[in-house]
Structure formats: C-alpha cells, structure tokens
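Participant: I have a structure here, written as structure tokens, and I will follow up with some questions on it.
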Amino acid sequence: MRIRLIAAAAIALLLVIAATSQAQKPPKAGSVTLTASAASVTYSTPVTLTGKVKGAKAGVVVSLERRAADATAFVPAGTATTDGTGSYTFTQRPAKSSVFRATAATTPPATSADTPVAVAPLVGLKVSDATPRKGQRVRFSGTVRPQHDGTRVAIQRKKADGTWATVKTAVLRDAGSAFSRYSKRFRIRRTGTYRTVIAAHADHAEGVSRERALTVG
C-alpha cells in the first residue's frame, strides 16, 4: 500500500513538473507583423509601430531593432510584450530615416519584414516683411533640424500652375549641435507665395517649410 502511495505521489509530481515546463515554454514560431503609423514623418515627430505575433497570447517578449537608412547594421530600439491577442506596440522618435524590424521570443524566434520610415528635416521660414514695397529687399531666414551645416537650401516661389521654382539658394550655417541656420536677402517685385526646401539625401527625406505669402503694396 505504501509503495502504491509513493508511486502515485511521484506520478503527480511529474505531472506538475511537466505542466509547469509546458507553461513556461515559449510559443511556437508564427508570422510576425510590423506596421508604422506613417511612412514619413518630420524630425522630432513620434511614430507608432504596431504588430501581432500569430498564435501568441499575453506575455511574449518582442524586441524592436532599428537601422539608419545610411547604415548597414541593426541596433536595439526597445522591447515590449504581447497582450492577450498577441498584439504589441512601440513608439519611436527617429532622428533620421530608418528601417525597423521586430523579433518575437518564440521557438524558434520569428522576425517581421523590414518596415521603413522616412524622416524629413524640420525646416523653418521667416520673412522680415510680408507686405513689402515693389523692389524692396526682404530677408528670408530660418532653421533646419537636425544640424546640416554646409548644405544648401532652396528658396522657392509658387508658379501660376502650382509648381515651384527656385529663386535663391542659401547655405546652412552652424548654430550649435541641434540645428543649422540660413539667411538670404533679395528683392521682391510682385506678390507671391514662398517656401524653403532642403533636398533629400542619404539619411533624410526632402524637408519643406510652411508656405509664406508676400503681398507687394
């Protein structure tokens, strides 16, 4: 009788161990999705990255990695855990155009497809006089974030057909580690709408300022 009780206790213990092991075992690999809330954002603007691990429940760890557009290696960008539906969310504020991917701690690990997010510089534009006299010189100035010292920006005027033509260019000058400045003064002879543009380059998309209307009196 005693032997039977010991055997029954041993079997029960093995069942508990097996159940515990099964509960702690990562889920089997499934497809992992990753979607960005926007394909392109302006510098300093957050982007939300959401996804789902197929077949997963709550508590699966998901690691996010980021690769700058002008780099070759991915670097860690954060971790999250899935909710009861296998979904997860990250919020990022990329400083330059980047590619993201997510890897779920399944067995074996499952990785999403690459998700690119383009980042455009934040371009400011001010004018010294929005209602100049005909032929008066007006100063166009502003900042570009992040810093792009030495790069040229284009000051453009809107044409009658809605397209834009460059009327002047200016070189970005050092204004500290966070941003660059530009300034250009030229004559305004007729009413028009202007903007400043920095062309797309290796690590950023094209950046465009807000439009400024000048009315010649």
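The values are calculated or read from the model by the stated rules, or taken from the named source; none is laboratory data. What you are looking at is a predicted structure, and each value in this text was computed from that prediction instead of being measured. Because the Cβ atoms are built from the backbone with ideal geometry, glycine has one as well, and the counts that use them run over all protein chains shown.
Participant: Checking Ala104 against (1) of a type in the set (A, V, I, L, M, F, W, C); (2) assigned by TED's automatic domain parsing to the domain that holds Val60; (3) farther than 22 Å from Ala77 by Cβ, only one condition comes out false. Which one?
Facilitator: Condition (3) is where Ala104 drops out.
Participant: I would also like to ask the following. Take the conditions touching a residue at least 60 places away in the same chain (Cβ under 8 Å), of a type in the set (Val, Ile, Thr), outside the structural domain of Pro94 (by TED's automatic domain parsing) and not in a strand (DSSP E or B) and apply them to Thr196. Does it pass?
Facilitator: Working: touching a residue at least 60 places away in the same chain (Cβ under 8 Å): yes; of a type in the set (Val, Ile, Thr): yes; outside the structural domain of Pro94 (by TED's automatic domain parsing): yes; not in a strand (DSSP E or B): no.
Here the answer is no, as Thr196 does not meet what is asked.
Participant: So which of Thr169, Thr196 ends up being at pLDDT 95 or above, within 30 Å of Ala68 (Cα to Cα) and surrounded by 18 or more Cβ atoms within 10 Å (Cβ to Cβ)?
Facilitator: On the way: Thr169 fails: surrounded by 18 or more Cβ atoms within 10 Å (Cβ to Cβ).
Checking each option against the conditions leaves just Thr196.
Participant: Looking only at region 86-118, which residues are among the hydroxyl-bearing types (Ser, Thr, Tyr), exposed (fewer than 13 other Cβ atoms within 10 Å of the Cβ) and either touching an Asp or Glu at 6+ places or on another chain (Cβ under 7 Å) or modelled with pLDDT under 95 (or both)?
Facilitator: Hit for region 86-118 is Thr107, nothing else.
Participant: May I pose another question? Take residues that are among the charged types (D, E, K, R) and within 30 Å of Ala200 (Cβ to Cβ) and tell me which of the strands (runs of 3 or more DSSP E) falling wholly in region 49-133 contain 3 or more.
Facilitator: Values: elements: 61-68, 75-81, 87-92, 98-104, 115-120.
Qualifying strands (runs of 3 or more DSSP E): 61-68.
Participant: I want to confirm something. Restricting to region 129-141 and keeping residues that are farther than 11 Å from Phe186 by Cα and small (Gly, Ala, Ser), which single residue is surrounded by the most Cβ atoms within 10 Å (Cβ to Cβ)? Spell out how you get there, then give the answer.
Facilitator: Of the residues in region 129-141, the ones farther than 11 Å from Phe186 by Cα are 129-134, 141.
Next, from what is left, pick out any that are small (Gly, Ala, Ser): 130, 141.
On the way: Ala130: 11, Ser141: 16.
Per the stated criteria, the residue is Ser141.
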